[in-house]
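Taking it in order: structure first as structure tokens, then the write-up.
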There are 2 protein chains.
Amino acid sequence: MKTVAIAGVGLIGGSFALALRQAGFTGVIAGVSSPRTIAEALSHGIIDCEMTLAEAAGSADVVFLAQPIGRIVSLIEELAPFLGPSTLVTDAGSTKSLICAAASKFLPAGQFLGGHPMAGKESRGVSSADGGLFRGRTWVLTGAVSHPFVDWVRKIGSHVLVMGPEEHDRVVALTSHLPQLVATALGCTVGAGLERDEQLRAGGPGLIDMTRLALSPYDIWSDILVTNSGAVDTALTALIERLEGIRMRLRDGELRGDFEEGARLRRRLVNPVELG
Amino acid sequence: MKTVAIAGVGLIGGSFALALRQAGFTGVIAGVSSPRTIAEALSHGIIDCEMTLAEAAGSADVVFLAQPIGRIVSLIEELAPFLGPSTLVTDAGSTKSLICAAASKFLPAGQFLGGHPMAGKESRGVSSADGGLFRGRTWVLTGAVSHPFVDWVRKIGSHVLVMGPEEHDRVVALTSHLPQLVATALGCTVGAGLERDEQLRAGGPGLIDMTRLALSPYDIWSDILVTNSGAVDTALTALIERLEGIRMRLRDGELRGDFEEGARLRRRLVNPVELG
């Protein structure tokens, strides 16, 4: 891997560039982005040079698409005519089914590997780029392939997790999209239910934790939710059913089973020993 | 206020005793508790002496009932026959309607003031008692009365919030009981939806925050939920309706309004300026 082209030098793309350098990558890192972002990334030493998408597709060993989902889908179609025979295209999109379907349609088999680095920050843009962003975090790849890019994902400190695109989308519907919607719904319900501002003083640290995600901007979430609406619908339906069950068992005080089941997931979540 | 009797010298009762001392209270603090707890509280200097419930009711200026809800209801009936003419009975129960109804039935008007100090810890028992537990926290009182006890609640650093028992129970159903049940339901749903342990690695800090409360032991929650099942049912129904609405709007990507509404509550919650 001698040349990596990063399309979209924002938080994720810029952090990947910095992480590669910190891990000892000595090849060329090119940026495909708006003139303003390119200028900023060059001035911070995050990229070495600018490329057009066609140049990147034709000459880089790896093209890393680090943009919103809709834009990644467009770029796959746009770069396809220029793709060199040994270039690997990969991405950082938060849902995988739609992106992998576009890749199957427009790119030769074996030249696309879907990815989802599960890392982020409150702030966005290349100015927030951080070479340690992926350290210790999971990086989902949609196939078990042997390629220098995968070695570099490991070298920057990420844990590779291989899941097919449909499995990935089903899992993140539960582990990421559902918690987001629950925080939003809880915020709405509490806000609508309170009758006077002073009552907010009865909100403790539990409510504060449970509504932190409600601050996430919709602009980040809209294409995630639209491109995963089937799996999110299934997850929401299961949650609503559980809440209905809890509501029915409430009066009889028969919630011990629910409490134990909920606690069990939480313990598995923070205890990697049980991940086997 | 010269003598305070604390029935149930556990985390809350013991912390109140320590907080009184640290705030300069020089009267007598008596404990009404099991022999083992009394011995431990005496050895740590948390209480000055032991009293029976009848002695406390007959001679203390304030009797503070710091036990589980069901036990507080029983104690109100048990102490009633011994109540001195100027003794104030107050409590620390997490729901207020049932307790205040029992007080109305068994105690003379004006001699009971319901309370709910909104503070806690993961650990329980007198060995966890902490004189700073109530500092900066809300202490709900079910009436606006002028009594030295209320002055001491302020002196130990609590913010008094006056709410009637029904209003209190409606509000905590939203701000405390609903977040607990949502965390539990989310833990159950995610746990039931995952197909293999490795998928848990796709769970990020959001899911970890959103399921922290799921670790709460059911033994603490059972009597809270049973004694507030009406208000909790209403809160759950409103949340389920909101989640159904979100599910319907998902495919059309029309969730901007929900995201903005959820974020608004969260900002009001952590910005006391907006509390007016």
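The values are calculated or read from the model by the stated rules, or taken from the named source; none is laboratory data. Keep in mind that this is a model prediction, so the values were computed, not measured. Every residue, glycine among them, receives a Cβ derived from its backbone with ideal geometry; neighbour counts consider all protein chains shown. Protein only, heavy atoms only, side chains kept; ligands, DNA and RNA dropped before computing areas. Shrake-Rupley method; radii C 1.70, N 1.55, O 1.52, S 1.80 Å.
A few points about this structure:
- Residue match in the stretch A:39-46 (condition: assigned by TED's automatic domain parsing to the domain that holds A:Ser146 and under 24 Å from A:Val150 (Cβ atoms)): yes
- Flag for B:Thr184 being more than 7 Å from chain A (Cβ to nearest Cβ), assigned to a helix (DSSP H, G or I) and over 18 Å from the mean Cα position of the chain (by Cα): no
- Candidate set: the stretch A:246-273, residues that are more than 7 Å from chain B (Cβ to nearest Cβ) and closer than 16 Å to B:Val232 by Cα; chosen: the one surrounded by the fewest Cβ atoms within 10 Å (Cβ to Cβ): A:Asp252
A quick yes/no check of all residues on (1) within 30 Å of B:Ile99 (Cβ to Cβ); (2) more than 7 Å from chain A (Cβ to nearest Cβ); (3) β-branched (Val, Ile, Thr):
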site	(1), (2), (3)
B:Glu166	yes, yes, no
B:Gly191	no, no, no
B:Glu195	no, yes, no
B:Ala202	no, no, no
B:Ser222	yes, no, no
B:Asp233	yes, no, no
B:Ile240	yes, no, yes
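- Selection of the stretch B:176-201 for residues being buried (at least 22 other Cβ atoms within 10 Å of the Cβ) and among the hydrophobic types (A, V, I, L, M, F, W, C) yields B:Leu178, B:Leu181, B:Val182, B:Ala183, B:Ala185, B:Leu186, B:Cys188, B:Val190, B:Leu200.
- Qualifying residue in the stretch A:33-48 (condition: in contact with a His (Cβ under 9 Å, 6 or more places away or on another chain), modelled with pLDDT of 95 or more and open to solvent by less than 50 Å² (accessible area, probe 1.4 Å)): no
- Selection over the stretch A:54-100 of residues that are in contact with a strand residue (DSSP E or B) (Cβ under 8 Å, 6 or more places away or on another chain), open to solvent by less than 40 Å² (accessible area, probe 1.4 Å) and farther than 22 Å from A:Arg124 by Cβ gives a count of 11.
- Among the residues making up the stretch A:116-160, those that are within 14 Å of chain B (Cβ to nearest Cβ) and either assigned to a strand (DSSP E or B) or free of Cβ contacts under 8 Å to residues at least 12 places away in the same chain (or both) are A:His116, A:Pro117, A:Glu122, A:Thr138, A:Trp139, A:Val140, A:Leu141, A:His159, A:Val160.
- Checking B:Ala263, B:Ala214, B:Ala231, B:Ala235 one by one, the residue that is at pLDDT 95 or above and either in a loop (DSSP other than H, G, I, E, B) or more than 29 Å from A:Met248 (Cβ to Cβ) (or both) is B:Ala263 and no other.
- Lone qualifier among B:Val73, B:Val9 - being assigned by TED's automatic domain parsing to the domain that holds B:Leu133 and closer than 19 Å to B:Trp152 by Cα: B:Val9
- Residue selected from the stretch B:120-175 under the condition open to solvent by 20 Å² or more (accessible area, probe 1.4 Å) and under 12 Å from the mean Cα position of the chain (by Cα), by the criterion nearest to B:Ile69 (Cα to Cα): B:Gly120
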